[in-house]
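Below you'll find the structure, written out as structure tokens, and then a few comments.
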Amino acid sequence: MIASSAGAVSLRRLLPAASFIGSADIGVSHITDRSTDCRPGSVFAALRGRTVDGIDYLDEAISNGACGVLTDRPITSTAVPQCVVSNSRIAYSEVCRALAGRPDQRLRVAGVTGTDGKTSVCSMIRKLLESCGQRCGQLGTVENYDGVCTETSTLTTDEPPKFWNSLSRMTSNRTTMAAVELSSQALDQYRVAGLQLDLAVVTGVTRDHLDYHGTPHAYAAAKGKIFGLVRKGGRAIINNDDPGSRDLFAKHNCGIDAITCSLDGPADLRATDLTSNKTGVRFTFQMADFAEQIQTELIGRHNVMNMLLAAAVAAEFGLAPEQIAAGLSKIKSPPGRLERIVAEPINVFVDYAHTPDALARVVDELKQITQGRLIVVFGAGGGRDADKRPLLGQAASNADLAIVTNDNPRNEHPQTIIEHILAGITSTTVEVRPDRCDAIRLALDAAVPGDCVLIAGKGHETYQEIGTRQISHNDAAFVRRYLSARHPATPITACA
Ligand SMILES: CC(=O)N[C@H]1[C@@H](OP(=O)(O)OP(=O)(O)OC[C@H]2O[C@@H](n3ccc(=O)[nH]c3=O)[C@H](O)[C@@H]2O)O[C@H](CO)[C@@H](O)[C@@H]1O[C@H](C)C(=O)N[C@@H](C)C(=O)N[C@H](CCC(=O)O)C(=O)O
Ligand SMILES: Nc1ncnc2c1ncn2[C@@H]1O[C@H](COP(=O)(O)OP(=O)(O)OP(=O)(O)O)[C@@H](O)[C@H]1O
Ligand SMILES: N[C@H](CCC[C@H](N)C(=O)O)C(=O)O
């Protein structure tokens, strides 16, 4: 829900193409799409859902006090004033934006989309800007940060009321820049319609969420909507090494220019001479005439690409190349993104890879820097894209031992999900331990000095969703607890 502090918004003025029934105009000072959140004076945004139609809840909204409705078709069965628009989701976001005082007009905003890497890139943008004393808000999967306070988030991209309120809080805090994650579902549902981006960043487009989008084409079309949000003079920032990103830009660019980033070929920002070992990556950062060697403790080529994308945003937001290079070498991994939990005598990483592409990449990267065996613990979420499960199995096949376990089975039978994953495993030793703690214990007990354990899929998550219950669980915390209880006297170098 969103309430205006600045007085009522006239829907006739805000939405000139709308038609009105029962009144010449509707003044809005509070709007919500949830019938249960309506209160005296609210306007109810009746949205067509995937499971139900908001219009069916209009009576409940009215009994809670709603005195107007925003709808995409005239409703004959009601006496409350109606504002009829062609797309009620777009109009809903635009009303929330107006009620929040159009905060994007007072911010420089980078929107980040892509199958993987959104949180990583947003966090890097914020860290680079903060390293130069700038205040940058960040909205995404792990947290919503308004420049002063942070709160745990529940969605990657919030629904309109919360999204616009978060941007508004940033402007109240004199935060002048923001990095916001834009999920394919949010773009498809116009959750941020009206947002004016300075920069649209694409990390990579592979596959996910086909349960929602149906086809790769529809998935890409949803992601491609990001370019339509870019304001005049704004630009795209593209991972030029990724065919999916190049294709997305080619098909949906809306006439804007792109800044390109590459580890492999010519581009506006480049990383060359990469060398990786178990302590991190060294590379030469190049931007126009500037070149400097960077040593980072982050692992993986994908993280070097994430750094380039974040560097491109920082440069557009005014940082000098020298400042960016200094900031890049200090960046640490966000929680649960190839986060090193233990460094010696075995390496243990917790990572949020939950797509086939991400898991394949991370397995490949860790394989290259591991002297001994790579042991991977992973599963797949219930109620989400079932077709990606065998592909996750295939992606883990390059490890020396794969331990298949639960990762939020939700309302599905855990064994069914595990069977789907096992169908894709081609060439490695496999164990199955549905209980995630059992699976992690098995991996840690099997590892000998020189081995690497990768615990993938849950990253920062602090729960396991089984049925409708959420059971407290955090991979990193469990590893620390188990190792210190198992070997109280063994010198384990735990990372902060
Ligand atoms: C699958 C999905 O994205 N669903 C979103 C969609 O729900 P829906 O179309 O099923 O809506 P619905 O439940 O049928 O209800 C239709 C309308 O009736 C209203 N209603 C319904 C019942 C009632 O009692 N009263 C009432 O008013 C609802 O508020 C809604 O406006 O539209 C709703 C209203 O905008 C969203 O709340 C809902 O997102 C829910 C919260 C969700 O969990 N989404 C997830 C899957 C999501 O978006 N995840 C991405 C993650 C991407 C990533 O990082 O990988 C994200 O951005 O977080
Ligand atoms: N640029 C990238 N390309 C491919 N994989 C990546 C990239 N960056 C990160 N990853 C992998 O994806 C995982 C998730 O990273 P991150 O949280 O940044 O992505 P995300 O897009 O925000 O994910 P989600 O949409 O689920 O919130 C990482 O833990 C890593 O395994
Ligand atoms: N551990 C997770 C990853 C979820 C990632 C999320 N962004 C999504 O797919 O909605 C799961 O599958 O439950």
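The values are calculated or read from the model by the stated rules, or taken from the named source; none is laboratory data. The structure displayed is predicted, hence computed values, not measured ones. Cβ atoms come from the backbone with ideal geometry, glycine included; neighbour counts cover every protein chain shown. Ligands, DNA and RNA are excluded from the accessible area calculation, which covers all protein heavy atoms including side chains. Shrake-Rupley method; radii C 1.70, N 1.55, O 1.52, S 1.80 Å.
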Starting from the Cα gyration tensor of the range 290-405, take the square roots of the eigenvalues, sort them a ≥ b ≥ c, and report rounded, prolate or oblate (rounded when a/c is under 1.5, otherwise prolate if a/b is larger than b/c, else oblate). prolate
Sequence ranges 278-288, 170-180, ranked by mean other-Cβ count within 10 angstrom, highest first: 170-180, 278-288
Rounded tilt (10° steps) of 301-316 against the dominant C-alpha axis of the chain: 40 degrees
Hey, what did the chain get for relative contact order, percent, Cα under 8 Å, at least 6 apart? 10 percent
I'd like the distance separating the alpha-carbon centroids of the range 145-215 and the range 409-473, in whole Å. 29 Å
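Determine the share of the chain's accessible area contributed by carbon and sulfur atoms, expressed in whole percent, with a 1.4 angstrom probe. Numbers along the way, then the final one.
Working: 9780 of 19990 Å².
Looking at the chain in its full context, I get 49 percent from C and S.
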Whole-Å distance linking the alpha carbon centroid of the range 59-131 with that of the range 238-266 is 28 Å
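Which whole-number value in Å² is the accessible area per residue of the range 135-202, probe 1.4 Å?
Each residue of the range 135-202 exposes 31 Å² on average to a 1.4 Å probe.
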Please compute the modelled spin-label separation between residue 173 and residue 413, points set 7 Å along Cα→Cβ, answer in nm with one decimal. 4.7 nm
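Can you pull out the GluC sites (Glu not before Pro) in the range 123-196 whose DSSP state is coil and whose Cβ has at most 15 other Cβ atoms within 10 Å? Write down the numbers at each step before the final one.
Working: sites: 130, 143, 151, 181; in loops: none.
Those that pass, being in a loop and sparsely packed, number zero.
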Spatially proximal lysines relative to residue 225 (Cα-Cα < 18 Å; intrachain offsets below 8 disregarded): 118, 251
Angle between the Cα long axis of helix 88-99 and the longest principal axis of the chain, 0 to 90 degrees, nearest 10? 90 degrees
With +1 on each Lys and Arg Cβ and -1 on each Asp and Glu Cβ, how big is the dipole of the chain about its Cα centre, in debye rounded to the nearest 20? 880 debye
Under-5 Å amide H pairs with residue 473, H placed in peptide plane, nonlocal only: 463, 464
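Which percentage, to the nearest 5, of the DSSP beta bridges contained in the range 339-494 is antiparallel?
Details: 9 of 27 bridges.
Restricted to the range 339-494, the bridges split so that about 35 percent are antiparallel.
Based on Cβ point charges of +1 for Lys and Arg and -1 for Asp and Glu, what charge dipole magnitude is obtained for the range 339-494 about its Cα centre, in debye rounded to the nearest 20? Intermediate results must be reported in sequence, preceding the final value.
On the way: 16 positive and 20 negative charges, 60 e Å.
Roughly 280 debye, rounded to the nearest 20.
Does the range 204-294 classify as rounded, prolate or oblate by the C-alpha gyration tensor (a ≥ b ≥ c root eigenvalues; a/c under 1.5 gives rounded; else a/b over b/c gives prolate, otherwise oblate)? Kindly include the intermediate steps, with their values, before the conclusion.
Details: a/c = 3.11, a/b = 1.53, b/c = 2.04.
Judged from the Cα gyration tensor, the range 204-294 comes out oblate (a/c at least 1.5, b/c at or above a/b).
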Considering only DSSP beta bridges with both partners in the chain, what is the antiparallel share in %, to the nearest 5? 40 percent
In degrees rounded to 10, the 0-90 angle between helix 160-172 Cα long axis and the longest Cα principal axis of the chain is 80 degrees
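For the chain, what is Rg from Cα atoms divided by 2.2 N^0.38 Å, rounded to two decimals?
Working: Rg = 23.9 Å, N = 496, 2.2 N^0.38 = 23.3 Å.
For the chain, the normalised Cα radius of gyration is 1.03.
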Could you work out the helix-only [θ] at 222 nm for the chain, with each DSSP H run of four or more residues adding -39,500 (n - 2.57) and the total divided by the number of residues, to the nearest 500 deg cm²/dmol? -9000 deg cm²/dmol
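Given a cut-off of under 8 Å on Cα pairs at least six residues apart, what relative contact order in percent is computed for the range 339-494? Present the calculation step by step, with values, prior to reporting the outcome.
On the way: 339 pairs, mean separation 50.4, N = 156.
With pairs under 8 Å counted, the relative contact order is 32 percent.
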